[in-house]
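Undergrad: Below is the structure I would like to discuss, written out as structure tokens.
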């Protein structure tokens, strides 16, 4: 019998054009001043203005902070904090990809509890209540909208800090697939691969339980079924919606079972070489499946059976590789100009990543080095 503690904290509103309900939803929370956290690309696409118009229509004053970068750092949060202090919001809206949503959470941590992001590295470090937040994801990737963690990189060391607290959960998430149609093909691929990694990794972690497995399975079913479809048919709103739901459910799986070695191996590649997270984790994932599959093959077979295209550990690993190939992403570290001589250094860094602790098969620098080697 596996114990668990599950309490849904995020109301999920799903459907085309539901972003237009933002103002009504914010009004229900009793707020009249909102900080909208977004990024320049989303602003340019017009999605941010659409959300702001809805807030204004409901009589809610809004203030836009759009100086957010990919893989948000402590510098992004610091700038956002200064902006928030000038406008004293009662609500924070994270409108964009995982970067915007994580930055929104980061700003909330330091705005309500003081200090710096480093003070919240870990779990349960916020002692005071935080402002209510609404998430509006414009990608189908991180699932940050249903997680209580903010991933913020240290601006100097580039180390990713996982800052988690149940008070940092979004009060509501609006999933509007019309907002994902404007994504560039590469963004669709990178975020989709990230979501797929979440679905697969959460299915086999040490804390896996009945709740997380349910979300992992459904996430995998939706993502595996629609990933290639959205690459080939970018305007297919039905497929976009199912990808968005899949990413959201994978985020709920993470909240209940955490991640594993693929993310531990990916983070040093991003920190050292600036390799985009989706590329890094997608490249490492098939090799982690094979590594874990030596001891936990039955679990992967269970998951593979949920969707057509895979029936055992090796076919699942090859299916993930085919997703990368279809996306035009690299499938070998040598293709990304990673220095093979630095593998021991990368493996040491990977062994220090928090997510490695949840991998079903124990990992250490030596075993992680072998996985890196296999990825060459």
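Undergrad: Restricting to segment 214-229, name every residue that is crowded, with 23+ Cβ neighbours inside 10 Å and either farther than 17 Å from residue 321 by Cα or at pLDDT below 95 (or both).
TA: Within segment 214-229, 215, 216, 219, 222 meet the criteria.
Undergrad: With respect to residue 106, is the statement that it is buried (at least 24 other Cβ atoms within 10 Å of the Cβ) and assigned to a helix (DSSP H, G or I) true?
TA: Criteria met by residue 106.
Undergrad: Given the criterion within 25 Å of residue 357 (Cα to Cα), out of contact with any helix residue (DSSP H, G or I) (no Cβ under 7 Å at 6 or more places or on another chain) and in contact (Cβ under 8 Å) with a residue 12 or more places away in the chain, identify the matching residue among 295, 279.
TA: 295
Undergrad: Looking at this structure, is residue 55 more than 22 Å from the chain's Cα centre (by Cα), part of a helix (DSSP H, G or I), crowded, with 24+ Cβ neighbours inside 10 Å and touching a residue at least 24 places away in the same chain (Cβ under 8 Å)?
TA: yes
Undergrad: Under 7 Å by Cβ, and 6 or more places apart or on different chains, what pairs join a residue from segment 115-131 that is farther than 27 Å from residue 29 by Cα with one that is part of a loop (DSSP other than H, G, I, E, B) and at pLDDT 95 or above?
TA: Hits for this filter: 119/125.
Undergrad: Which of (1) surrounded by fewer than 24 Cβ atoms within 10 Å (Cβ to Cβ); (2) part of a loop (DSSP other than H, G, I, E, B) does residue 211 not meet, given it meets every other one?
TA: Residue 211 satisfies every listed condition except (2).
The values are calculated or read from the model by the stated rules, or taken from the named source; none is laboratory data. From a predicted model like this one, the values you see are computed outputs, not experimental measurements. With ideal geometry, Cβ positions are generated from the backbone for all residues, glycine too; neighbour counts draw on all protein chains shown.
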